[in-house]
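The values are calculated or read from the model by the stated rules, or taken from the named source; none is laboratory data. Fair warning: this is a prediction, and the values are worked out from it, not measured in the lab. For neighbour counting, all protein chains shown are included, and Cβ atoms are generated from backbone atoms with ideal geometry for every residue, glycine included. Side chains are part of the model used for accessible areas, which takes the heavy atoms of the whole protein and leaves out ligands, DNA and RNA. Shrake-Rupley method; radii C 1.70, N 1.55, O 1.52, S 1.80 Å.
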Amino acid sequence: MPSDEPQTLIVGEGEGKRRIAYRTAPMANATGLFWLSGFMSDMASTKATAVAEWAAEHGLALTRFDYSGHGVSDGPFTDGTIGRWLEESYAVFTRVTAGPQIVIGSSMGGHIALLLLRKLMREQPSEAQRIKGL
């Protein structure tokens, strides 16, 4: 199981700079799960926690995070946009995850998952190839 204390990374520049909280649970299995929460949900939600428990039981790595304005990440919720949350998803995916990933999106997270794959295909095709399921 992941530790109780999330780690953080900085996303954005200038006034758009924000601290994004994430939890990652690496496992021996090379495949990881990348969780994208829904609108007004966070990495401590019932669904995200259930996925974390299932991943641990099956020896799969899991990375989950809070969008800005959600959970324990920085920023007011009212500053949030799909583009901003996509930028955060891209940063966490490229800077935190390793190896093959299965991307799981809940509600709005499913929409962001599709946008993330498109962005990766355009900007970092080698990173897009790490996505083995969506």
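Brief remarks on what is shown
- Single residue of ALA113, ALA98 found to be closer than 20 Å to ILE10 by Cα and either within 13 Å of the chain's Cα centre (by Cα) or among the polar types (S, T, N, Q) (or both): ALA98
Residues checked against (1) closer than 16 Å to SER41 by Cβ; (2) out of contact with any His (no Cβ under 8 Å at 6 or more places or on another chain):
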residue: TRP54; (1), (2): no, yes
residue: SER73; (1), (2): yes, yes
residue: GLY105; (1), (2): yes, no
residue: ARG118; (1), (2): no, yes
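- Number of the condition not met by THR81 [criteria: (1) at pLDDT 95 or above; (2) within 16 Å of VAL103 (Cβ to Cβ)]: (2)
- Candidate set: the stretch 8-48, residues that are in contact with a strand residue (DSSP E or B) (Cβ under 6 Å, 6 or more places away or on another chain) and polar (S, T, N, Q); chosen: the one least open to solvent (accessible area, probe 1.4 Å): THR24
- Taken over the stretch 49-72, the criterion of being in a helix (DSSP H, G or I), open to solvent by less than 70 Å² (accessible area, probe 1.4 Å) and free of Cβ contacts under 8 Å to residues at least 24 places away in the same chain is satisfied by THR49, ALA50.
- Qualifying positions in the stretch 80-134 - part of a loop (DSSP other than H, G, I, E, B), open to solvent by 30 Å² or more (accessible area, probe 1.4 Å) and closer than 14 Å to TYR67 by Cβ: THR81, SER107
- Take the conditions (1) assigned to a strand (DSSP E or B); (2) within 21 Å of GLY110 (Cα to Cα); MET43 misses just one of them, which is (1).
- Of the candidates ILE10, ILE20, the single residue that is more than 20 Å from GLY109 (Cβ to Cβ) and either modelled with pLDDT of 95 or more or aliphatic (A, V, I, L, M) (or both) is ILE10.
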